[in-house]
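The values are calculated or read from the model by the stated rules, or taken from the named source; none is laboratory data. Remember, predicted model here, so these are calculated numbers, not experimental data. Please note: Cβ atoms are built from the backbone with ideal geometry, for glycine as well, and neighbour counts cover all protein chains shown.
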Amino acid sequence: MNKKYKKIIVISSVAIGLTSFAVKLLLFYYFMSISPQQANPMTGQIYTLNNHGYIFYVTKAQNLWQDILWYAFFAFAIGGGLLEVRWKTIRNIFDEIPKDLKIK
């Protein structure tokens, strides 16, 4: 595989991971603002989410989206990081420091 394609895969993977984390945070705070603080079985808001002691209840679908985005963050961000360690596609600026300027 060409180094150009490897770099595209690494950058895309990390970007997808970070985007899923940002969307997860946005949805979390949105759900926190619209969800009740008491369980409501009539609407299906029985799944607990906790923000540093502020407990609120969401539906099964909302809870599932939170979980999917959290796992996607880890899978893509860590996967992209591991591929970068293996393929070394992104330039490391610390390797380009002249020998006389490096700390011994």
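Going by what's in this entry, would residue 56 be described as modelled with pLDDT of 95 or more and under 29 Å from residue 4 (Cβ atoms)? Write out each step before concluding.
Values: modelled with pLDDT of 95 or more: yes; under 29 Å from residue 4 (Cβ atoms): no.
In short, no.
Considering each residue of segment 30-45, count those that are surrounded by fewer than 17 Cβ atoms within 10 Å (Cβ to Cβ) and in contact (Cβ under 8 Å) with a residue 12 or more places away in the chain, and give that number. Can you show your working first?
Residues of segment 30-45 surrounded by fewer than 17 Cβ atoms within 10 Å (Cβ to Cβ): 30, 32-34, 36-44.
The next check asks that each one be in contact (Cβ under 8 Å) with a residue 12 or more places away in the chain; those that pass are 32, 36-40, 43-44.
Total satisfying the criteria: 8.
Of all the residues that make up segment 51-65, how many are closer than 28 Å to residue 14 by Cβ and either in contact (Cβ under 8 Å) with a residue 12 or more places away in the chain or part of a strand (DSSP E or B) (or both)?
4
List the residue pairs whose Cβ atoms are under 8 Å apart, where the first residue sits in segment 5-22 and is free of Cβ contacts under 8 Å to residues at least 24 places away in the same chain and farther than 14 Å from residue 73 by Cα, the second is among the β-branched types (Val, Ile, Thr) and surrounded by fewer than 17 Cβ atoms within 10 Å (Cβ to Cβ), and the two are 6 or more positions apart or on different chains.
Taking only residues 6 or more apart or on different chains, not a single pair turns up.
When you scan segment 30-49, do you find a residue that is under 30 Å from residue 83 (Cα atoms) and in a helix (DSSP H, G or I), even just one? Break it down into steps so the answer makes sense when it comes.
First, pick out the residues of segment 30-49 that are under 30 Å from residue 83 (Cα atoms): none.
No; the residues of segment 30-49 include none that is under 30 Å from residue 83 (Cα atoms) and in a helix (DSSP H, G or I).
Within segment 66-95, can you find the residues that are under 21 Å from residue 12 (Cα atoms) and touching a Lys or Arg at 6+ places or on another chain (Cβ under 8 Å)?
Answer for segment 66-95, where residues must be under 21 Å from residue 12 (Cα atoms) and touching a Lys or Arg at 6+ places or on another chain (Cβ under 8 Å): 69, 70, 73, 83, 87, 89, 90.
Of all residues in segment 66-101 being among the acidic types (Asp, Glu) and more than 28 Å from residue 49 (Cβ to Cβ), which is nearest to the chain's Cα centre (by Cα)?
Residues of segment 66-101 among the acidic types (Asp, Glu): 67, 84, 95-96, 100.
Now narrow it down to the ones that are more than 28 Å from residue 49 (Cβ to Cβ): 84, 95-96, 100.
Numbers: 84: 17, 95: 29, 96: 31, 100: 40 Å.
The extreme case among them is 84.
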